[in-house]
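Structure, as C-alpha cells:
The values are calculated or read from the model by the stated rules, or taken from the named source; none is laboratory data. Predicted, not measured: the structure shown is a model, and the values here were computed from it. Cβ placement follows ideal geometry from the backbone for every residue including glycine, while neighbour counts extend to all protein chains displayed. For accessibility, only protein heavy atoms count, side chains too; no ligands or nucleic acids. Shrake-Rupley method; radii C 1.70, N 1.55, O 1.52, S 1.80 Å.
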Amino acid sequence: MKIVRTEAIPFAIPYAKPLKFASGEVHTADHVLVRVHTDDGLTGTAEAPPRPYTYGETQESIVAVIDKILAPQILGLTALEREAVQARLDRTVGNPTAKAAIDMALWDILGQAAGMPVSGLLGGYTDRMRVSHMVGFAPADEMVAEAERIRDTYGVTTFKVKVGRQPYTEDVAACRALREALGPDIGLYIDGNRGWTASESARALREMADLGLTFAEELCPADDVLGRRWLVAQSPLPFIADESATRTGEVTRELLGGSATAISIKTARTGFTASQRVLHECEGLGVEVVMGNQIDGQVGTLCSVAFGAAHRSTAHHAGELSNFLDMTDDLLTEPLTIENGHLRIREGAGLGIDIDPDKLARYRQDR
Ligand code: MUC
Ligand code: MG
C-alpha cells in the first residue's frame, strides 16, 4: 500500500441552476479529481472543490499544490501511515480541500485493501442520512418553488436557507414565505455566509422568532469578535460556525470564545482524519454538529455521506447532501439518488467511487 503516484485532474461541469449566497456564487463545478495510486495497484479517489471566497484556493492552486508540494512529501509512505501523511501535509499551511482530498483517497485505499466500506471503518453507525437541501438566493417565490420541487421530487423535509442579503428584510420575507408555504413540519435553518453585521443579524433573528428555525450559521463575520459574541450570547438558536472553524484549534477558539455554539463539519475541507478530530472535540464539549456541504459534486457527496452515516452525532441532523442535483452532469458511473429524503452510502469496498472514463474525458480541463 505504498503511495507511488498522485493525480490532480481539473474538470469543469456547468451548473443547471447556479447557487448564489452572500460570499459568492457557483456557476460551474470547476473541481479537481484527486487520485492516489499505490504500488499494489490500488487507486483511491476523492474530489477537491475550489472555494476562493472561503479558503482562497483555486482550481489551478489545488493542482499546483498537490503536484508540486504535497505529493512529493507523501510518496513512499503507505496508506496505513495516515498520521505521518497528516504531519507532512500540515507542513504546508492552508490548502484545506487539496489536503482533505488526499486524506479521503487514502481512506478509500484502506477500504479497498480491507474489502470493507469506508463508512464502516470510520464508525458504521448507519447506512444513510436524511438530506437537507440548500436554497440559494433568488426572489422569494422562486425559493419557495425550488423547496417545493425538492420536497415533492426527493422527499426532502429539511432546508438550509441562504441569507445575508441587503437589506436583511428581503431574507426575513423569504424565510417567512418558505415557512408559510411548507408548513410547520419542515425543518428550516439559515446560513448568512458573513453577509450581515451583528446588529442586522440580531434584528433578523428577532423578526424571525416565530418561524421555528432550528439553527443560524455564520450570520456575521467571526472576525468581528465582540459583535459576534454579543450576537451569539443572545441568539435563541444554536449558532453554527462553518467557515470560521475549519480546524480543531479554530473550533476551540470559536466555541470557548462564545462565537459559536454548534459546528459544521465538511469532509471537503477536513477529510476523514481531521473531521473525526473535530467531531470528537465537539462530542467531548457537548456541542451539536451538522454535516455541511462545500457545494460538492457526487464524488464529494459520497465522501460526506460516508462520514456522516458513520457516526451517531453526524447522522442525527439532516446532512447537506443535495447540491449535486443542480449540476448538469457528474463523473460517477452510477449516479447518486436521493429517495424518501435519504441518501445511502455505497456498499462494497472503499468509498464506492467508480468514475465513468468517458465523462472524465469529456469534462477534464488538462487535455
Ligand atoms: C455553506 O454552508 O456555506 C457556500 C460557501 C461555502 O464555503 O460553502 C457553501 C455552503
Ligand atoms: Mg455555511
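Counting heavy atoms of the protein chains alone, Arg346 has an accessible area of about 50 Å² for a 1.4 Å probe. All other residues whose Cβ lies under 14 angstrom from that of Val36 are scored, Lys and Arg at +1 and Asp and Glu at -1, for a net of -2. Modelled label positions at Asp185 and Gln234, each set 7 Å beyond Cα in the direction of Cβ, lie 3.6 nm from each other.
Site pair Thr333 and Arg5 shows an inter-label distance of 2.0 nm when each label is modelled 7 Å from Cα along Cα→Cβ.
DSSP bridge analysis restricted to the range 120-344 gives an antiparallel fraction near 15%, rounded to the nearest 5.
By how many degrees, 0 to 90 and rounded to 10, does the Cα axis of helix 140-154 deviate from the longest principal axis of the chain? The answer is roughly 50 degrees. Near Gln73: Cβ cut-off under 9 Å, other residues only, Lys/Arg at +1 and Asp/Glu at -1. The net charge is +2.
Could you sort the peptides 204-210, 326-332 by per-residue average Cβ neighbour count (10 Å cutoff), highest mean leading?
326-332, 204-210
Surface composition of the range 245-367: carbon plus sulfur atoms hold 45% of the accessible area, using a 1.4 angstrom probe and ignoring ligands, DNA and RNA. In the range 3-115, the portion of solvent-accessible area held by carbon and sulfur atoms comes to 53 percent [1.4 Å probe, whole percent, DNA, RNA and ligands not counted].
Multiplying the residue separation of Ala12 and Asp40 by 0.36 nm and subtracting their alpha-carbon distance yields 7.0 nm. Placing dummy labels 7 Å off each Cα toward the beta-carbon, the span from Thr169 to Thr28 is 3.9 nm. Evaluating 6.51 cos²θ - 1.76 cosθ + 1.60 at θ = phi - 60° for every residue in the range 223-234, the Karplus couplings come out as 5, 7, 4, 6, x, 5, 4, 4, 5, 5, 4, 9 Hz, glycine and proline recorded as x. Pairs over the 22 Å Cα-Cα cut-off, from the set Lys68/Lys266; Lys17/Lys99; Lys2/Lys99; Lys2/Lys68; Lys17/Lys359; Lys99/Lys359: Lys68/Lys266; Lys17/Lys99; Lys99/Lys359.
Accessible surface area normalised per residue over the chain is 38 Å², counting heavy atoms of protein chains with a 1.4 Å rolling probe. What net charge is computed for the residues neighbouring Gly350, neighbours being all others with C-beta under 13 Å from the C-beta of Gly350, Lys and Arg scored +1, Asp and Glu -1? Here the count lands on -1.
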